[in-house]
1. Pull up the range B:78-90, narrow it to residues that are surrounded by fewer than 24 Cβ atoms within 10 Å (Cβ to Cβ) and within 14 Å of chain A (Cβ to nearest Cβ), then point me to the one that is nearest to B:E33 (Cα to Cα).
2. In the range B:60-77, which residues are within 13 Å of another protein chain (Cβ to nearest Cβ) and within 26 Å of B:I120 (Cβ to Cβ)?
3. Of the residues in the range B:235-269, how many are surrounded by fewer than 23 Cβ atoms within 10 Å (Cβ to Cβ), within 14 Å of chain A (Cβ to nearest Cβ) and not aliphatic (A, V, I, L, M)?
4. Within the range B:227-234, can one find any residue that is over 28 Å from A:D4 (Cα atoms) and either more than 16 Å from the chain's Cα centre (by Cα) or open to solvent by 30 Å² or more (accessible area, probe 1.4 Å) (or both)?
5. Which fully enclosed strands (runs of 3 or more DSSP E) of the range B:69-135 have 2 or more residues being of a type in the set (F, W, Y)?
6. Looking at the range B:91-106, is at least one residue surrounded by fewer than 24 Cβ atoms within 10 Å (Cβ to Cβ) and under 20 Å from A:D28 (Cβ atoms)?
7. Residues of the range B:196-230 being touching a Cys at 6+ places or on another chain (Cβ under 7 Å) and without any contact (Cβ under 8 Å) to a residue 40 or more places away in the chain, which ones?
8. Of the residues B:K182, B:K147, B:K171, B:K192, only one is within 14 Å of chain A (Cβ to nearest Cβ), open to solvent by 20 Å² or more (accessible area, probe 1.4 Å) and over 24 Å from A:P25 (Cβ atoms); which?
Amino acid sequence: MSYDNVEIEDMEWNEELQAFTYPCPCGDFFQITKDDLQLGEEIARCPSCSLYITVVYNQEDFLRDKDKSKKKDLEPAKQLPISVA
Amino acid sequence: MEEAKRDEEEPKQQQIWSWGAGTEGQLGTGKLEDEYLPQLLHLPFLYSAGSISTLACGGAHAIALTSVGKVFTWGRGTTGQLGHREMLNSLHPKPVSSLQSYVITHVSAGWSHSGFVSEIGLLFTCGDGSFGQLGLGDYRSQSTPVKVDYFANNFVNQIACGMRHSLVMLKGNQVYGFGSGKRGQLGISRDKIKSVNLPQVTCGLEDVQIVSISANGDHSAAISADGHLYTWGRGFAGAADANFPQLSLSSLRCTKAALGWNHGLLLTGDEEVLMLGGNYHGGLCDLEKMSAVKHRSDSSRATLNEVIGLDGVKVVKIAAGAEHSALVTGRTWGWGEHGQLGLGNTNDQTIPQTVSLSPDIQNKEASLNVYCGSGFTFAIRCSREQIYESINPENRTMKSRNVSYKCSAVVSHVKLLSLFPHLQRNVWFGILKASYQ
């Protein structure tokens, strides 16, 4: 059974883990990556125990983010073609 | 010199055990491992600063307050919650050097932040500030305790740190909240508040004399001088969130509240334990096995339940982790996956189980105190000599601070006495008797 339902806005982005996190009662963090969210994954797991939470979010928000980040990647590439090669 | 000598001798009368989740160093064992059985700790560095008067256990860190008002911290430090001027974990207790010049009288550990109160009523916070839970007017994290200037002209008595919020009680009993308020845990407004980074007065307690505050997860609680319990924040057992303090059952007389993430424990003046919520691990998931003994007249709030399996045993101390609980005399129950119940396995328990600390712990020489972090537990044993020394009124006056902080059991006796003067004898002897069994 899911330990809790947590809205994505209540999760924190962890740069080091490259994942959204939320406190787990064991002391570790539930984690879910942007890739997971883009794929529609709803379960954030704790690496230290058997508990997991259900993440409440809108998948489209993350698909849009993906498009944006693709564009961003492309822009500097145009200016600096050498670095791409 | 004589003072120092005595301090060195004291630890012989005090023993500390820890168990449960340990992968951040929060058990003080020097290892990064979970422990399924109570581990007797060897903490020479900590002992050199006197005996421990109280512990505060957070998400994955612990704070020890010593008999001379010094503070040691260990465990996870990645957001600065240890106050060691760095964002690093510590496997062993280390002094919080920036507080060396203060005599600290009260400490609290949240999920990833810490609070310290000095004897002259100054408040310091450190750790994760991303929800405003440090009360410093910003959302920055701090790796060394910073004085909360908002209370520069007030005398702070207590701080209670939750997952992402803090409560403060002033001398004069006013209660403030700051940090995340999404579940109503600040009690500062009828409307939903995302977060505030400066303290604001908690509504509805202005005319109540509050004597203690508690916070954990997204829950908040306060106990008044007449033993009434107020709760606010996330609702227990699926009940609606409360945006400001709600009085729980006016006939109830509580002496202590201990909150988890989905449950709360109450210790009554009759040394009985009642539980709020607890439909997760904390569990006692098996609600059918519990006898709901008391209902609030207002049915929108969670009911209070008796804890089964105690068979009338008097309880003197309570503590709650996120999803487990402990009470003195030494029984634990709830979620056990990390061994936080200290029973030698990872099973969950729905009925309080007796934890075996050491062969001589059951004899009549000791009084115990117990503290829960999110997934871990600490127990401290004080010798009988310490208790006698402390409860003897003549000695107490004579030795003042040194003695009254020696054993936290005694500190709570004193509080109880001031709360329930008419119960003085009963409470006093009740506690001692139960402690010695």
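1. First pass over the range B:78-90, keeping only residues surrounded by fewer than 24 Cβ atoms within 10 Å (Cβ to Cβ): B:78-79, B:84-90.
Now narrow it down to the ones that are within 14 Å of chain A (Cβ to nearest Cβ): B:78-79, B:87-89.
Numbers: B:T78: 18, B:T79: 21, B:M87: 21, B:L88: 17, B:N89: 14 Å.
Step by step, filter the range B:78-90, then rank; the result is B:N89.
2. B:H61, B:A62
3. Counting residues in the range B:235-269 that are surrounded by fewer than 23 Cβ atoms within 10 Å (Cβ to Cβ), within 14 Å of chain A (Cβ to nearest Cβ) and not aliphatic (A, V, I, L, M) gives 3.
4. Residues of the range B:227-234 that are over 28 Å from A:D4 (Cα atoms), as a first pass: B:227-228.
Still in the running and either more than 16 Å from the chain's Cα centre (by Cα) or open to solvent by 30 Å² or more (accessible area, probe 1.4 Å) (or both): B:227-228.
Scanning the range B:227-234, I find at least one residue that is over 28 Å from A:D4 (Cα atoms) and either more than 16 Å from the chain's Cα centre (by Cα) or open to solvent by 30 Å² or more (accessible area, probe 1.4 Å) (or both), so the answer is yes.
5. Working: elements: B:71-75, B:90-95, B:104-109, B:113-118, B:123-127.
Those strands (runs of 3 or more DSSP E) span B:71-75.
6. Yes.
7. Let us first name the residues in the range B:196-230 that are touching a Cys at 6+ places or on another chain (Cβ under 7 Å), namely B:215, B:223, B:227, B:229.
Within the range B:196-230, B:I223, B:L229 meet the criteria.
8. Values: B:K182 fails: over 24 Å from A:P25 (Cβ atoms); B:K147 fails: within 14 Å of chain A (Cβ to nearest Cβ); B:K171 fails: within 14 Å of chain A (Cβ to nearest Cβ).
That would be B:K192, the only listed residue that is within 14 Å of chain A (Cβ to nearest Cβ), open to solvent by 20 Å² or more (accessible area, probe 1.4 Å) and over 24 Å from A:P25 (Cβ atoms).
The values are calculated or read from the model by the stated rules, or taken from the named source; none is laboratory data. None of these values were measured; they are calculated from a predicted model. Quick reminder, even Gly has a Cβ in these numbers, built from the backbone with ideal geometry, and neighbours come from all protein chains shown. Ligands, DNA and RNA are excluded from the accessible area calculation, which covers all protein heavy atoms including side chains. Shrake-Rupley method; radii C 1.70, N 1.55, O 1.52, S 1.80 Å.
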